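Structure record follows, encoded as structure tokens.
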Amino acid sequence: GYRSLLFERPKNFVYDSGDWIDIDPIDGSLKGGKAYSLSSAPTEPDLMITFKEGYSEIMQRLANAVQGDTFIITQYGNDYKFTLRPHRPSVL
């Protein structure tokens, strides 16, 4: 029920463990649900996100992505005050 996607890392893109990215298809056609934790280590050459399969447009687009599909990072950052909800599965 989970998938991981690998993206080419933008030149000079630096991040820390626990950071997230907002992504969008290059055409900007999808709205909502676009923030994903980076599941790759900051020392790895590419970026990876891992997500739970779902029914939203963005989840379907990501689940059906093929090599060569282009997504852009619209924002990135961290929220070091984030806490998990007890007794609820999460993907980080």
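The table below lists the values:
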read-out: Low-density loop cleavage sites - trypsin sites (Lys or Arg not before Pro) in the stretch 2-58, where at most 13 other Cβ are within 10 Å (DSSP); value: 11, 31
read-out: Percent carbon-and-sulfur accessible area, the chain, ignoring ligands, DNA and RNA, probe 1.4 Å; value: 51 percent
read-out: GNM top mover of 29, 39, 17 - the chain, alpha-carbon springs below 10 Å; value: 29
read-out: Heavy-atom accessible area per residue - the chain, 1.4 Å, Å²; value: 73 Å²
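The values are calculated or read from the model by the stated rules, or taken from the named source; none is laboratory data. Nothing here was measured: the structure is a model prediction, and the numbers come from that model. For neighbour counting, all protein chains shown are included, and Cβ atoms are generated from backbone atoms with ideal geometry for every residue, glycine included. For the accessible areas, the whole protein counts, side chains as well, though only heavy atoms, and no ligand, DNA or RNA atoms are used. Shrake-Rupley method; radii C 1.70, N 1.55, O 1.52, S 1.80 Å.
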